[in-house]
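A short worksheet on the structure shown next.
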Amino acid sequence: MKDPYSIINFPKSTEKAVRLMESENKLVFSVAKSATKKEIKESLEKIFSIKVEAVNTTIMPTGKKKAYVKLSPETPAIDIATQMGML
């Protein structure tokens, strides 16, 4: 497996990302364009010691890749965001 920190670039803290955190227990990250969903899931579980339920990715028109990460119910996304210093 690649280095987890080379796969996950940084968290997004836009209005939409905060709304997803509160309503759907999701976090949004900018990730390496070559990263697979499985690599993203394993990296986040290793870095933050959390349980990831699902990963959805999208490639933006700018060529960057975003990952929408759904966390398990026992891990509130707000707690992880606070741990990262986003809120």
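Does Phe10 meet the test of being buried (at least 19 other Cβ atoms within 10 Å of the Cβ) and either of a type in the set (Lys, Arg) or within 13 Å of the chain's Cα centre (by Cα) (or both)? For Phe10, the condition - buried (at least 19 other Cβ atoms within 10 Å of the Cβ) and either of a type in the set (Lys, Arg) or within 13 Å of the chain's Cα centre (by Cα) (or both) - is not met.
To keep it simple, each residue is scored yes or no on (1) of a type in the set (Ser, Thr, Tyr); (2) touching a residue at least 24 places away in the same chain (Cβ under 8 Å); (3) under 22 Å from Thr14 (Cα atoms).
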| position | (1), (2), (3) |
| --- | --- |
| Lys38 | no, no, no |
| Phe48 | no, yes, yes |
| Lys51 | no, yes, no |
| Ala81 | no, yes, yes |
| Gly85 | no, no, yes |
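For the structure I just gave you, tell me whether Lys2 is in a loop (DSSP other than H, G, I, E, B), modelled with pLDDT of 95 or more and among the basic types (Lys, Arg).
On the way: in a loop (DSSP other than H, G, I, E, B): yes; modelled with pLDDT of 95 or more: no; among the basic types (Lys, Arg): yes.
For Lys2, the condition - in a loop (DSSP other than H, G, I, E, B), modelled with pLDDT of 95 or more and among the basic types (Lys, Arg) - is not met.
Kindly indicate which of Glu53, Glu39, Glu22, Glu45 is surrounded by fewer than 17 Cβ atoms within 10 Å (Cβ to Cβ), within 13 Å of the chain's Cα centre (by Cα) and either at positive phi or assigned to a helix (DSSP H, G or I) (or both).
On the way: Glu53 fails: either at positive phi or assigned to a helix (DSSP H, G or I) (or both); Glu39 fails: surrounded by fewer than 17 Cβ atoms within 10 Å (Cβ to Cβ); Glu22 fails: within 13 Å of the chain's Cα centre (by Cα).
None of the other options fit; the residue is Glu45.
Can you tell me which residue among Ala32, Ala17 is within 14 Å of Ala77 (Cα to Cα) and small (Gly, Ala, Ser)? Write out each step before concluding.
On the way: Ala32 fails: within 14 Å of Ala77 (Cα to Cα).
Exactly one residue qualifies, and that residue is Ala17.
The values are calculated or read from the model by the stated rules, or taken from the named source; none is laboratory data. Computed from a predicted model, the values in this text were never measured in an experiment. Don't worry about glycine lacking a Cβ; one is built from the backbone with ideal geometry, like all the others, and counts go over all protein chains shown.
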